[in-house]
Amino acid sequence: MSDDYNPPTDPLNVLHEDAQVIVVDKPSGLLSVPGRGEHLADCLLSRVQAAFPQALLVHRLDRDTSGVMIFAQTPHAQRHLGMQFEKRQTRKIYVARVWGRLEPKTGTVDLPLIVDWPNRPRQMVCHETGKQAVTDWRVAKYEGQTTRVKLSPKTGRSHQLRVHMLALGHPILGDPFYAEGPARDFPRLMLHSEELRLKHPEGGLSMKFRAKAPF
């Protein structure tokens, strides 16, 4: 990560709050957790904890990805939610804009991923040593030379959606790692966590949190 970290100054957008959980809409360009060094201290976790001092981390989104992120208010909630993520019991839907016309209109990418060590944090497909990564996609609409697509990751690998779309030949617009040429020439990474479904840590009720994509 380069030193030109200029996180957005948007006020905290709280989507839901109760005794167990806090759900917020993360802006693009803000780290989920602090990076190494004082200049990378500003992050969503610290901003949430400024408003909710007892807030605990459950999962992360990439710096350039926006959208729904949940935090725990209690150690019990953190364990309960963490287990749901670990056992893949949560359901996540992302919206992305990708370069080109993605066809067919629905499909699944099943390509194992591993860190590309010389170029980290980039990830790459590797059939020998990669970890399983699965993404379902569904085209929402075609927009000129681009496609708006709904993505449902079945696994939670780093950069999974970005590398899987690249592997299909349709990089996500504005991606500083994987898009090239005109596909890269956008003000932000066009990837947004639109919907998160999980069970509430108290009582197990199914809950759905949504945040509309800003692009």
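Just to be sure, is L81 buried (at least 20 other Cβ atoms within 10 Å of the Cβ), assigned to a helix (DSSP H, G or I) and either at pLDDT 95 or above or acidic (D, E) (or both)?
In short, yes.
Every residue in the stretch 117-130 that is surrounded by 15 or more Cβ atoms within 10 Å (Cβ to Cβ) and either among the β-branched types (V, I, T) or in a strand (DSSP E or B) (or both), please.
Q123, M124, V125, listed by residue number.
Starting from the stretch 53-68, keep only residues that are without any contact (Cβ under 8 Å) to a residue 12 or more places away in the chain and closer than 17 Å to I93 by Cβ, then list their pairs with residues that are of a type in the set (A, V, I, L, M) and crowded, with 20+ Cβ neighbours inside 10 Å whose Cβ atoms are within a distance under 9 Å, requiring at least 6 positions of separation or different chains.
The qualifying pairs do not exist here.
Anything in the stretch 161-215 that is among the hydrophobic types (A, V, I, L, M, F, W, C), in contact with a Ser or Thr (Cβ under 7 Å, 6 or more places away or on another chain) and outside any helix (DSSP H, G or I)? List them, or say none.
Listed by number, the residues that qualify are L173, L189, L191, L196, L198.
Since S158 meets every condition but one in (1) outside any loop (DSSP other than H, G, I, E, B); (2) in contact (Cβ under 8 Å) with a residue 40 or more places away in the chain; (3) closer than 29 Å to C43 by Cβ, which condition does it not meet?
Tallying (1) outside any loop (DSSP other than H, G, I, E, B); (2) in contact (Cβ under 8 Å) with a residue 40 or more places away in the chain; (3) closer than 29 Å to C43 by Cβ, S158 fails exactly one: (1).
Which of the residues belonging to the stretch 24-51 are assigned to a loop (DSSP other than H, G, I, E, B), touching a residue at least 12 places away in the same chain (Cβ under 8 Å) and surrounded by fewer than 16 Cβ atoms within 10 Å (Cβ to Cβ)?
Residues satisfying the conditions are V33, P34, G35.
Being outside any helix (DSSP H, G or I), modelled with pLDDT of 95 or more and of a type in the set (A, V, I, L, M, F, W, C): is that true of L102 here?
So L102 passes the test.
I need a count of the residues in the stretch 10-23 that are under 25 Å from L173 (Cα atoms) and either modelled with pLDDT under 95 or crowded, with 16+ Cβ neighbours inside 10 Å (or both).
Result for the stretch 10-23: 1.
Just wondering, is there one or more residues in the stretch 61-74 that are more than 30 Å from A140 (Cα to Cα), hydrophobic (A, V, I, L, M, F, W, C) and at pLDDT 95 or above?
yes
Going through the stretch 85-110 one residue at a time, which ones are basic (K, R) and in contact (Cβ under 8 Å) with a residue 12 or more places away in the chain?
R88, R91, K92, R97, R101, K105
Considering S158, S152, which residue is surrounded by fewer than 21 Cβ atoms within 10 Å (Cβ to Cβ), touching a strand residue (DSSP E or B) at 6+ places or on another chain (Cβ under 6 Å), among the small types (G, A, S) and under 23 Å from P8 (Cα atoms)?
S158
The values are calculated or read from the model by the stated rules, or taken from the named source; none is laboratory data. All values reported here derive from a predicted model rather than from experimental measurement. Don't worry about glycine lacking a Cβ; one is built from the backbone with ideal geometry, like all the others, and counts go over all protein chains shown.
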